[in-house]
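Input: a single structure, listed below in structure tokens.
The values are calculated or read from the model by the stated rules, or taken from the named source; none is laboratory data. Not measured: the values here are computed from a predicted model. Positions of Cβ are generated from backbone atoms using ideal geometry, with glycine treated the same way; all protein chains shown enter the neighbour counts. For accessibility, only protein heavy atoms count, side chains too; no ligands or nucleic acids. Shrake-Rupley method; radii C 1.70, N 1.55, O 1.52, S 1.80 Å.
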Amino acid sequence: MLRDKAVRTATISINEVYASIQGEGLLVGTPSVFIRLQGCNLRCPWCDQPSALNFTQKGVEIEEVLKLVEKYYHRHVVITGGEPFAHKNLHMLVKELLSMGKSVQIETNGTLWQEEMEEVASSVHITCSPKGEVSWHAHPKVLGHARELKFVVDEHLEKGVLLRGEFLEFLEKGLVVLQPEGNKERFLKKALSMQEELLKLGYSVRVIPQVHKFLGLK
């Protein structure tokens, strides 16, 4: 399957591989295969994937990961976590998925970047979700390649965060999503209120809850 022996024997830490729909962000509803990587550099208090937080030395050969992906008919592949950019062989996995004709999406907290991703980043849909745990800091290279920003609306997120200079281009292009934390009613109301406030300033953002949870999907 793989042309290069170095790639064939390279490993990456996997939590799980499964098929569902993309339930978040601008690509919501897209049938997708999810590759959930094991290990994250942040510890957000409301994280809904605590089993994927801890790093492990145990890895799966990338060739075996691709075989798992090939079991499904889905063209779209979402690499999530954990934090994908915390894994040094991420670029190898992405390159092989693209060579298979897959469309690739990476969901990242935006704090990390890998120079090896530079040559393929333009072919990947990067969803950057800045986190309050690091005062919503995002690496400039991630922002330079991201196709959307997804903010989890909790008790800490305020309108001023979205209006920061590094995020303004996404606001102007309508590429900002507000996702109520845990689909909780109070955060949905807060997201709708923030949406209204931003409309008055000339910016249109989308309020999108976690749709897959409403549908009872993983």
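The distance linking region 7-53 with region 109-182 is 17 Å (Cα centroid to Cα centroid, whole angstrom). Of the residues 136, 113, 46, the one that moves most in a GNM of the chain with alpha-carbon contacts below 10 Å is 46.
Restricting the trypsin sites (Lys or Arg not before Pro) of region 1-66 to loop positions (DSSP other than H, G, I, E, B) with no more than 15 neighbouring Cβ atoms within 10 Å leaves 3, 43, 58. Summed over qualifying helices (DSSP H, 4 residues or more, each -39500 (n - 2.57)) and divided by its residue number, the chain shows a 222 nm mean residue ellipticity of -7000 deg cm²/dmol. Every Cα-Cα pair in the chain was counted, and those over 26 Å apart are 33% of them.
Percent antiparallel among DSSP beta bridges with both residues in the chain, to the nearest 5? So the antiparallel bridges amount to about 25 percent of the total. Taking every protein chain into account, the accessible area of the chain amounts to 47 square angstrom per residue (probe 1.4 Å).
The average projected area of region 97-218, computed from the convex hull of its Cα atoms over all directions, is 8.5 nm². Result for the chain in a Gaussian network model with C-alpha springs under 10 Å: among 122, 20, 99, the largest mean-square fluctuation is at 99. Magnitude of the charge dipole for the chain, about its Cα centre and with charges confined to Cβ atoms of Lys, Arg (+1) and Asp, Glu (-1), is about 380 debye. Under the classification rounded if a/c is under 1.5, otherwise prolate if a/b is larger than b/c and oblate if not, where does region 122-193 fall, given a ≥ b ≥ c as square roots of the Cα gyration tensor eigenvalues? Since a/c reaches 1.5 and a/b is larger than b/c, the shape of region 122-193 is classed as prolate. Only alpha carbons enter this Debye calculation for region 64-106, each as an equal point scatterer, and the log10 of I(q)/I(0) it gives at q = 0.20, 0.29 Å⁻¹ is -0.61, -1.20. For the options 37, 97, 163, a Gaussian network treatment of the chain with springs between C-alpha atoms closer than 10 Å singles out 163 as fluctuating the most. Could you tell me whether region 88-136 comes out rounded, prolate or oblate from its Cα gyration tensor? Rule is a ≥ b ≥ c as square roots of the eigenvalues, rounded for a/c under 1.5, then prolate if a/b exceeds b/c, otherwise oblate. Here region 88-136 falls in the prolate category.
Rg/Rh for region 4-51 (Cα atoms only, Rh after Kirkwood) is 1.07.
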